[in-house]
Amino acid sequence: MLARPHEPSPCAPTTGGAPHARGRSLSTMLSRDARWCALVVLAGVLVRVFVSWASSWGEQLVDRPELATPMDRLALLRETQYLLTVLNVPAKVLWRSNGLHHSPLLLKLPAPWLADPWTSACAWIALDAVSGVVLAALASTLARRAERHVYIVPAFVAACFLLNPYAIAACAAKSMSQLRTCLTLLALLGAVHGVSLLVATAQALSTVLFMNPLCVTPALLLLGADAHAQYGRWRARFGQRQSDAWSQWLRRTSVRYAGWLGVFLVLSALYSRDSTLSFVRSVYGSRLLVDDLSPNAGLVWYFFVEMFPHFRAFFTMVVNLHTLSYTVPALIKWRSDPLFAATVLVGIHALFQTYPSAGDSALYLALWSLNYPRLSAYLRYPMVTSMLFLYSALLFPAFHYLWLYTGSANANFFYAVNLVQALGLGSLLLDSVWAWGRERWELERLAQGASRPGVRYVVQR
């Protein structure tokens, strides 16, 4: 029997018990998520320990081209520290050789820790564990703010990074891409929470060390400004408008980012011990001019190897401008969803940058997992994309062995796997962009149907 409007239904919970029931269910859910996240982090650490131990604490993978590029290779950093501290080679001579591509700030890392296989492996494992915890915290925050009953599982997001073969291999190879991943995720966490200092510091340090994260900075600033305007502490103040809070946070963070950028650049100049600042050309110029054509997981190295020298300058400009040209259109198109814009930009740079590695693909897949719960239903080719990633992951070590050890293959075989991985990244990028547009289209039609009860919309998938 239906209850009258002024009488409570006997099946409905009482007013006093409903908040407590919701509070208990929320706390139970959070504690369950915390336990699962702890298990995922523990599993990720144990897998990395096993892989590092099986490869003699990662030393057998340090020079693998698909895992560590010349810009991210630990062996080059060790060699540079040895030349400067043991052989006392003048810093000016080293930087002018254009063979050193690590930032002078990285040269201040403890040399005994980097030289010892076990200690350095533990440091990289700890770095990945921090990245996994940050991803879980990001997922937990986004789950609390999610609308339309979209639930993001923090343990699933952490597992997409900690149990990803790309991330595990890059960690075992001690690639500097894992440090770049950790700094990017910390900046993203600061943006989601509207913490200006964390965004500015982490992103400025990542930019000075690796330069590539510079293109993702605008998306992080917009994401942080939106989060501060919607959830910031300014809402407790009287008389301040939301638009003012948004613009103030954006200006403050931009100034802090520029300030920290200047501080880290000055420290780099001081630590380089070179008054001519030759390290700028060796560290940052090499990424733009593509000096080192060693094989890697990208599309550029083989292209320039086969190119005539008089075309090189033009196509170097084309490659760099092509990668940078996506930043502004992505910010304009996905202004309403800066997190997705940052994810797309990270994926584009993992695909088109001059020196990509497996760690860059792992970062993109980790960020994509934050968008997976709301976009997975709209993907068109998930099986094809998954098979492309699996195919490239299996054939990278096989073709590398056939090329360099048995001599039964050549560079074309290795570059063919690069093309397959690029096809997988491109397929996921295009499919996710289409899924985002389809989701927004359906939401708009459903909103129009709700405002017009007499109209019925039939959405076909």
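No lab work stands behind these numbers, since they all come straight from the coordinates. Bear in mind that the values here come from a model prediction, so they are computed numbers and not experimental data. Don't worry about glycine lacking a Cβ; one is built from the backbone with ideal geometry, like all the others, and counts go over all protein chains shown.
Between the listed residues Trp403, Phe414, Val318, the Cα displaced farthest toward the positive end of the dipole of the chain, a dipole computed from Cβ unit charges relative to the Cα centre, is found at Val318.
What the Cβ-Cβ distance of Phe413 and Ser386 gives, at R0 = 30 Å and to the nearest 0.05, is a FRET efficiency of 0.85. Cut-off 13 Å, label point 7 angstrom out along Cα-to-Cβ of Trp434: give me the residues of region 345-384 whose amide nitrogen falls inside. Under 13 Å, as judged by backbone N against the label point of Trp434, lie 378-384 of region 345-384. If I take R0 = 41 Å and measure r between the Cβ atoms of Gln230 and Ser56 in this structure, what FRET efficiency does the formula 1/(1 + (r/R0)^6) give, to the nearest 0.05? The computed FRET efficiency comes out at 0.25.
Given 10 °C and 1.306 mPa s, compute D for the chain with the Stokes-Einstein relation, Rh being the Kirkwood radius over Cα pairs; round to the nearest whole µm²/s. Diffusion coefficient, whole number: 66 µm²/s.
Compared with the dominant Cα axis of the chain, that is its longest principal axis, helix 338-352 is turned about 30°. Extension gain, Leu163 to Gln242: 0.36 nm times the residue separation minus the Cα-Cα distance gives 24.4 nm.
Between rounded, prolate and oblate, where does region 148-203 land on the alpha carbon gyration tensor, with a ≥ b ≥ c its root eigenvalues, rounded for a/c under 1.5, else prolate if a/b exceeds b/c?
Cα axes put region 148-203 in the oblate bin.
Here region 230-375 is described by how far its Cα atoms reach on the three principal axes: 64, 47, 26 Å, from widest to narrowest. Distance between the pseudo-spin-label points of Ala38 and Ala115 (7 Å out from Cα toward the beta carbon): 4.0 nm. Residues of region 273-287 with amide nitrogen under 13 Å from the 7 Å Cα-to-Cβ point of Asn98? Under cut-off, by backbone N: 279-287.
Size of region 173-236 from its Cα atoms: along the principal axes, largest to smallest, the extents are 47, 19, 14 Å.
Considering all alpha-carbon pairs of region 302-447, what whole percent are spaced by more than 26 angstrom? Working shown, then result.
Numbers: 3792 of 10585 pairs.
For region 302-447, the fraction of Cα-Cα distances above 26 Å is 36 percent.
At full extension, Arg335 and Leu46 could sit 100.1 nm farther apart than now, given 0.36 nm per residue minus the alpha carbon distance. Once both labels are positioned 7 Å from their Cα atoms along Cα-to-Cβ, the gap between Asn88 and Val305 label points is 4.1 nm. Structural descriptor for region 33-378: relative contact order 24 percent, calculated from alpha carbon pairs under 8 angstrom and at least 6 residues apart.
Note down the magnitude of the dipole of the chain about its Cα centre, charges +1 on Lys and Arg C-beta and -1 on Asp and Glu C-beta and zero elsewhere, to the nearest 20 debye. Spell out each step's value before the answer.
Values: 38 positive and 22 negative charges, 325 e Å.
For the chain, the charge dipole is close to 1560 debye.
Ranked by the mean number of other Cβ atoms within 10 Å of their residues, highest first, the peptides 214-220, 428-434, 66-72 come out as 66-72, 214-220, 428-434.
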